[in-house]
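Following: one structure in structure tokens, then a few remarks.
Every number in this text was worked out from the coordinates using simple rules, so none of it is lab data. Quantities reported herein were computed from a predicted structural model and do not represent experimental measurements. Virtual Cβ from ideal backbone geometry, glycine too; neighbours counted across all protein chains shown.
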Amino acid sequence: MKHILTLAALATLGACAGTPMNPFMQDSLPDAVKVPAGHRVAMETVGVGEITYECKAKAQSPAQMAADQYEWVFAGPKAALNDRSGKTVGSYFGPPATWAALDGSKLTGTQLAVAPAGMGNIPLQLVKANPAMGEGAMAGVTHIQRVATKGGVAPALPCASGNAGQKQVVAYQADYIFWKAAM
């Protein structure tokens, strides 16, 4: 009996660990990345993919020009957008950041805000969607929310003049929630 209870407890913990944060619970999110009132969820996806970073010289003021300073800079994402059952329904790529549904509709957007998501995870994000191109799932989307992020931060490898231009690819996962105006 003890063995069965242990297995049940492990199964429950495993299920909870794989369960995404409930995107409809805006109260649990930082204010900066909450979707404005008057919107409803149109589609929710899990983005699974990679982010490419490039080692580049830091943008510097004239006073800092003598310093040899470099940093890993976001170069672009590439991810499959899957529904909750794991079926691919679209993709996310860039630059510019583009969300595309398999039905041919796609959109870009402008970042409104970010909020920390914990050590080793890219930040939570709120994006204002530009009008969609094509008819389909992306038509009418007003906001995209990135939540439940895992991984994706810049590499811990050194970035200096000796490896300027080098690119590194980092795995990540995030829920992308697409919102439309409530009718």
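Observations, loosely collected:
- Estimated vicinal HN-Hα couplings, Hz - segment 122-134 in sequence order (Karplus 6.51, -1.76, 1.60; Gly, Pro = x): 4, x, 5, 8, 10, 10, 8, 6, 7, x, 5, 9, x
- In sequence order, calculated HN-Hα J values of segment 27-33 (Karplus, 6.51, -1.76, 1.60; Hz; x Gly/Pro): 4, 7, 9, x, 3, 4, 10
- Amide H within-cut-off set for HIS39, under 5 Å, with H built and near neighbours excluded: ALA182
- In this label model, ARG84 and MET25 are separated by 1.4 nm, measuring between points 7 Å along each Cα→Cβ vector.
- Sequence-distant residues sharing a close amide H with HIS143 (under 5 Å, placed H): ALA129, TRP179
- Segment 23-181 shape via C-alpha gyration tensor axes, a/c threshold 1.5: prolate
- Fully extending the segment from LYS56 to SER161, taken as 0.36 nm per residue of separation minus the present Cα-Cα distance, adds 37.0 nm.
- Scalar couplings 3J(HN,Hα) for segment 165-171, obtained by applying the Karplus form with A = 6.51, B = -1.76, C = 1.60 to θ = phi - 60°, are x, 5, 10, 10, 10, 10, 6 Hz; x denotes Gly and Pro.
- Under 5 Å, built H, 5+ apart or other chain: amide partners of GLN69: LYS58
- Pair ASP103, GLU135: separation of 7 Å Cα→Cβ label points (nm): 1.0 nm
- Pairs exceeding a 20 Å alpha-carbon distance, out of LYS58/LYS150; LYS34/LYS128; LYS106/LYS167: LYS58/LYS150; LYS106/LYS167.
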